[in-house]
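Report on one structure; see the data block that follows.
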Amino acid sequence: MWTAAARAKINLHLAVHAKRPDGYHALVTVFQTIALADTLTIVEHDGPFTLRCPGSDAPEDGSNLVVRAARALADVLGRPEPAGLAATLDKQVPAQAGLGGGSADAMATLRLLCAIWGVAADRQLLAGVGARLGSDVPFFAWGGTALGLGRGDEITVLPPLPALACAIVRPPFGVATAEAYRWLADSRRESPPAPPPFDPPACSQDWPARLAACRNDFEPVVAARHPEIAEAVSALRDAGAVLAMMSGSGSAVYGLFAREADAAAALAPLAARPGWRGWLTATTG
Ligand code: C5P
């Protein structure tokens with residue numbers, strides 16, 4: 001039996017720039033791993049590769065990133081279709097939340113299959129296969145605190161953010177990434193995107209001191225459709241968060257706090273709203 005934690009991420013910063021010729025947008029983003037995780041377990045069994053996600057709505061067919069990752073790795077390694085293995089995914093990270101749950105699952109799959117198949121899990125291999133699966137999958141080959149350039153897949157490790165408590169809330173709705181990009185494009189018909197708040201190569205040792213310059217370009221356009229997003233950000237900020245922001249293209253909103261008790265106190269009233277869910281977690285290296 002092989003098992004791995006698939007830790008989720010938040011975006012500490014997410015600036016979306018022009019659309020590239022390949023249809024993806026150029027990003028300047030700072031990813032941060034958090035302790036909230038799915039758990040992937042793989043055992044040997046007779047028959048084709050199977051996936052179960054008990055107690056969750058996650059698909060168990062070829063549309064799940066676990067299955068796609070297994071097929072992509074086999075393809076890159078020149079192996080036959082994956083078989084003889086049964087995967088079980090314990091989903092804890094909410095979907096359509098901007099927390100990279102599916103992407104983290106994909107990377108956990110690549111790592112476990114490398115171990116099972118006796119292949120060296122070097123980062124270039126993991127990130128290369130990951131990039132075929134989604135723009136934010138390569139980050140999970142590194143984890144910790146990292147800058148994502150290109151379509152978010154060109155990763156540079158940054159000096160780590162000091163460990164902070166993290167309150168996460170997810171409203172009763174999710175946001176599909178492609179839809180959030182459409183909302184952003186609509187909002188920019190009249191006005192072009194703002195310039196980056198900081199120059200990525202200048203992301204040096206003291207970058208955490210510039211947390212105040214961080215922003216998420218998706219936040220205003222998602223909040224324009226769902227005012228609850230702005231309410232949650234304000235509530236976390238008013239409760240003393242060092243940084244409060246929507247993660248990725250939403251719909252989860254997080255607040256980072258120096259003290260866990262403050263994060264818990266900020267989380268409680270938001271998580272108690274009808275249909276909302278909350279998690280008390282932490283940033284991890
Ligand atoms: O790469 P991924 O499959 O996660 O992207 C989902 C969708 O988000 C893409 O089809 C594209 O519409 C949009 N996207 C983008 N620019 C990026 C990343 C994603 O336009 N850098």
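The values are calculated or read from the model by the stated rules, or taken from the named source; none is laboratory data. Computed from a predicted model, the values in this text were never measured in an experiment. Using ideal geometry, Cβ is built from the backbone for each residue, glycine included, and neighbour counts are taken over all protein chains shown.
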(request) Provide a single number: the residues in the stretch 214-246 that are within 20 Å of VAL30 (Cβ to Cβ), among the basic types (Lys, Arg) and modelled with pLDDT of 95 or more. (result) 1
(message) Looking only at strands (runs of 3 or more DSSP E) that lie completely in the stretch 66-157, which have at least 1 residues being under 26 Å from ALA26 (Cβ atoms)?
(response) 145-149, 154-157
(request) Test ALA115 against the criterion of being surrounded by fewer than 23 Cβ atoms within 10 Å (Cβ to Cβ) and either in contact (Cβ under 8 Å) with a residue 60 or more places away in the chain or closer than 28 Å to ALA266 by Cα (or both), and give yes or no. (result) yes
(request) Among the residues of the stretch 147-187, write down those that are modelled with pLDDT of 95 or more, away from the ligand (no atom under 14 Å from the Cβ) and touching a helix residue (DSSP H, G or I) at 6+ places or on another chain (Cβ under 6 Å). (result) ALA165, ALA167, VAL169, PRO171
(request) Give the residue, chosen from ASP75, ASP90, ASP38, that is loosely packed, with under 15 Cβ neighbours inside 10 Å and more than 16 Å from the ligand (Cβ to nearest atom). (result) ASP75
(request) Would you check if there is a residue in the stretch 47-65 being at pLDDT 95 or above, crowded, with 23+ Cβ neighbours inside 10 Å and outside any strand (DSSP E or B)? (result) yes
(request) Go through GLY118, GLY143, GLY84, GLY101 for me and flag whichever is within 19 Å of THR39 (Cα to Cα), small (Gly, Ala, Ser) and more than 13 Å from the ligand (Cβ to nearest atom). (result) GLY143
(request) Collect the residues in the stretch 1-35 that are surrounded by 13 or more Cβ atoms within 10 Å (Cβ to Cβ) and not in a strand (DSSP E or B), keeping them in residue-number order. (result) TYR24
(message) Tally up the residues in the stretch 121-140 that are touching a Gly at 6+ places or on another chain (Cβ under 8 Å) and within 12 Å of the ligand (Cβ to nearest atom), please.
(response) 6
